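This report concerns only the one structure given below.
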Amino acid sequence: MRGYDVVVVGGGVVGLSAAWRAVQGGLSVAVVDPDPGAGASHAAAGMLAPVSEVTYTEEPLLRLGLASLERWPSFRDELQEESGVDLDYRAEGTLEVAYGPDDMAYLEDLAAFEQTLGLPVERLTGRECRKFEPMLSPSVRGGLLAAGDAWVNPRLVVRALLAAFERAGGTLVRDRVTELVVDGDETRGVRPASGEELSASRVVIAAGSWSASLAPGLPVRPVKGQILRLRGPKGFLSRCVRGKVHGSSVYLVPRGDGEVTLGATVEELGFDGRVTAGGVYELLRDARELVPGITELELVETTVGFRPGTPDNLPLIGPAVAPGVIAATGHHRSGVLLAPVTAEAVTAFLTGGDVPDAVRSCDPERGLR
Ligand code: GLY
């Protein structure tokens, strides 16, 4: 039987970040995943955008997002240095734009709300928006600039984390965990599909939308998102563009290599992995209203991902389920953003260090059921 201090179930951005930090903290760690980075991290757009993702009543999530955004530059530097992989990290901010009069009214309300929270957003006219982003349609009425937002390519983050984790001495086990092994009050490890138990007195559950199948007490459900990848000339857009088009939301995230990630539907359909004509149509229709030139780009990929949603949209980070088990799941729309603060918190739970204050709202046992 192979033994470790910690087994991390799930090799997406959250699980790998926690595992990497735990190895750096001196623990022996195995990550178990049949196909690391193939879940939500593969679909994710990688927006590090707590300000432009802010929603009424979700201030604890905003504070958590801001705490993690603050950690991203040093996380990036260290990860790039340790892995040799460039993450395509960009920090030109998010331009949030409105199409119809109803969308403009929504944006005005949002700006007022953001200002009451002391967030740094700048209101712009349609003309000012087009100065920032010349590809925007003349129909765009106005916008908000969240200059502090950033973004990253999540697939490169996974590649970098795998390299950094293994270089630091971590073990990757390409297998699927079928069971947590708990004996009375004691966690003994996990049983993978291959059968040979991996022993560890601590287990981190970072299996995203699949977390509840391993630990039925965790209130995590899949929230389907369809997302497209287009390819165009470099510099087609300079920053993330999000928009409301007659009430529906769409975003465009440009990469250094000319890719534009266009997302995303939000569907409560369980693990329905189908890309639908309607989903793709609505995304392209709304994106074209904001940026007509996208119809000239090549459509190179359609993907479905499953956001791990929770009843209050806050993640579950901390001791849960059984002694020795730590949840790091339920990150819903923000797994990539929240990876650094989650990893720091998980390492603190594992080693008895200080848990960041903003994570206190994420206690998995906060009475969600
Ligand atoms: N954070 C973007 C999304 O979940 O679609």
One residue is enough: does region 298-313 have a residue meeting the conditions away from the ligand (no atom under 16 Å from the Cβ), more than 21 Å from the chain's Cα centre (by Cα), surrounded by fewer than 18 Cβ atoms within 10 Å (Cβ to Cβ) and among the β-branched types (Val, Ile, Thr)?
yes
Here is a list: LEU338, LEU314. Which entry is of a type outside the set (Ser, Thr, Tyr) and outside any helix (DSSP H, G or I)?
LEU314
Part of a helix (DSSP H, G or I) and within 23 Å of VAL253 (Cβ to Cβ): which single residue out of TRP72, TRP20 fits that description?
TRP72
Do we have any residue at all in region 34-41 that's crowded, with 21+ Cβ neighbours inside 10 Å, over 15 Å from THR342 (Cβ atoms), within 14 Å of the ligand (Cβ to nearest atom) and among the polar types (S, T, N, Q)?
no
Meets criteria (away from the ligand (no atom under 14 Å from the Cβ), among the charged types (D, E, K, R), surrounded by fewer than 20 Cβ atoms within 10 Å (Cβ to Cβ) and not in a helix (DSSP H, G or I)) for ARG285
no
Is at least one residue of region 137-153 buried (at least 19 other Cβ atoms within 10 Å of the Cβ), assigned to a helix (DSSP H, G or I) and either under 21 Å from the mean Cα position of the chain (by Cα) or modelled with pLDDT under 95 (or both)?
no
Search region 328-350 for residues that are over 13 Å from PRO50 (Cβ atoms) and away from the ligand (no atom under 16 Å from the Cβ) and pair each with any residue that is in a helix (DSSP H, G or I) and among the hydroxyl-bearing types (Ser, Thr, Tyr) when their beta-carbon atoms are under 7 Å apart and the residues are at least 6 apart or on different chains.
ALA328/THR342; ALA343/SER17
Could you count how many residues in region 80-117 are farther than 24 Å from SER238 by Cα and buried (at least 21 other Cβ atoms within 10 Å of the Cβ)?
1
Consider VAL275 carefully, then state whether it is outside any strand (DSSP E or B), modelled with pLDDT of 95 or more and either farther than 19 Å from TYR106 by Cβ or more than 16 Å from the ligand (Cβ to nearest atom) (or both).
yes
Going through region 231-244 in order, the residues found to be within 16 Å of the ligand (Cβ to nearest atom) and either farther than 27 Å from ASP109 by Cβ or modelled with pLDDT under 95 (or both) are LYS244
So how many residues does region 120-166 have that are of a type outside the set (Val, Ile, Thr), closer than 26 Å to ASP33 by Cβ and touching a residue at least 40 places away in the same chain (Cβ under 8 Å)?
12
Residues being surrounded by fewer than 24 Cβ atoms within 10 Å (Cβ to Cβ), of a type outside the set (D, E, K, R) and outside any loop (DSSP other than H, G, I, E, B): count how many of those fall in region 49-62.
2
Based on this model, can you work out whether GLY46 counts as more than 30 Å from SER139 (Cβ to Cβ) and either surrounded by 21 or more Cβ atoms within 10 Å (Cβ to Cβ) or acidic (Asp, Glu) (or both)?
no
Determine whether LEU237 is over 16 Å from the mean Cα position of the chain (by Cα) and more than 16 Å from PRO292 (Cα to Cα).
no
In region 294-308, is there at least one residue being more than 30 Å from ARG141 (Cα to Cα), polar (S, T, N, Q) and in contact with a helix residue (DSSP H, G or I) (Cβ under 9 Å, 6 or more places away or on another chain)?
yes
Looking only at region 245-272, filter to residues that are within 15 Å of the ligand (Cβ to nearest atom) and of a type in the set (Val, Ile, Thr); which one of those is surrounded by the fewest Cβ atoms within 10 Å (Cβ to Cβ)?
VAL266
Would you list the strands (runs of 3 or more DSSP E) that sit entirely within region 173-264 and hold 3 or more residues that are closer than 27 Å to VAL346 by Cβ and free of Cβ contacts under 8 Å to residues at least 40 places away in the same chain?
177-183
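The values are calculated or read from the model by the stated rules, or taken from the named source; none is laboratory data. Note that the coordinates shown come from a computational prediction; the quantities given were computed from them, not determined experimentally. Note that each Cβ is placed from the backbone with ideal geometry, even for glycine, and that neighbours are counted across all protein chains shown.
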